[in-house]
Amino acid sequence: MDKLKRPLLGAHVSAGGGLVKAIDNGEKIGAECIQIFGASPRSYFASVPTKEVAEQFKERLKASSIKSVYQHGAYLPNLGTADAEAMRKSIVNLSTHLQISNAIGGQGVIFHVGSPKKGDRNQALKRAVVAMKQILKSVRGDAQLIMENSGSVKKIGGSIEDLQYLFTQVNDSRLKVCVDTAHSFEAGLIEDYTPVKIKKFLDDWDEAIGLNNIPALHINDSKTQYNSQNDKHENLGEGYIGLSGFKNLAKEKRLAHTSWFLEVPGFPAEGGSASGGAGPDKKNMELLKSCFSK
């Protein structure tokens, strides 16, 4: 990565058919790093792969062009919940995902902290602190627990202040933050990705938690307008951020240490449906790489 002097560029790819298939899928689209689901994203149940499967994955990774692997956590966990059983299941699920990351040599688990729903926000944040401390204490190793910012201020992580509070209160070197470009735009954190606004945006993050504590970015265009309080991703150049916004972001030297992951819907295959829907593809990958070309 030092030789590149820029972020690693990659995408969320399918691990359907076995974890090792994710590496093949990443290489097919020209990814340098990949994000995967280590278990079903729509279930509280998750299991750590066998030693044989984990070793097979690590050997294949070593022989590949993929430089780093991150996991995305399941969608169900909510560390802000006041429901004791839902909290128990959330902690177990995230702990297992962290164990999976350790087993396969991944960098960590990117996850949505959750929501206070109709409860007290401050209490929800305090519950999330206790839960994350418990997860990190119960699962040792190098894998990081990486909070993702939300596309709505109604959810935990919709503001930089939320994540600064959680980061400071948990106070663990393995707790990090992932910044999503679409979520930041949709939640009203950055109005447009011009050089001036990007500098202010990154200055705010640097002051809050330190840019060195942001190892990953989700690179998504936005299907909805600034401050829409929605979470709707769009292919690069097809949304309200626009390709020029990502070209401006690519010029930020302070992000050279990070890994960038596309989570876009994908362009339609030739002769296919107009909506795409297969997820990050080679065209989006090439567009992302083009943002760094001089």
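Since every read-out is calculated from the coordinates, none of them should be taken as a lab result. Because the structure is predicted, anything quoted here is derived from the model rather than measured. For neighbour counting, all protein chains shown are included, and Cβ atoms are generated from backbone atoms with ideal geometry for every residue, glycine included.
Most exposed first by the Cβ proxy, i.e. fewest other Cβ within 10 Å, how do VAL53, VAL170 rank?
Placing the least packed residue first, the sequence is VAL53, VAL170.
How would SER290, SER65, SER115, SER90 line up from fewest to most surrounding beta-carbon atoms within 10 angstrom?
The order, fewest Cβ neighbours first, is SER65, SER290, SER115, SER90.
Just grab the label-to-label distance for ALA256 and GLU55, each label 7 Å out from Cα along the Cβ direction, in nm (one decimal).
The answer from the label model is 3.9 nm.
With a point put 7 Å past each Cα toward its Cβ, work out how far GLN225 is from ASN122 in nm, to one decimal.
Each label point lies 7 Å from its Cα, and together they span 3.5 nm.
In Å and on Cα atoms, what radius of gyration and Dmax does segment 143-291 show?
15.2, 52
What is the list of residues in segment 121-156 whose amide nitrogen lies under 11 Å from a point 7 angstrom out from the Cα of ALA82, following Cα to Cβ?
121-124
Under a plain spin-label model, where a point goes 7 Å from the Cα along Cα-to-Cβ, how far apart in nm are LYS200 and SER173?
The answer from the label model is 3.6 nm.
Where does each of LYS176, LYS51, LYS247 land when they are ranked from fewest to most other beta-carbon atoms within 10 angstrom?
Fewest-to-most ranking of LYS176, LYS51, LYS247: LYS51, LYS247, LYS176.
So which trypsin sites (Lys or Arg not before Pro) in segment 59-150 pass both tests, a DSSP loop state and at most 12 other Cβ atoms within 10 Å of the Cβ?
LYS118, ARG140
When the Kirkwood radius is taken over all Cα pairs of segment 10-146, what Stokes-Einstein diffusion coefficient follows at 20 °C and 1.002 mPa s, in µm²/s?
Here the translational diffusion coefficient equals 139 µm²/s.
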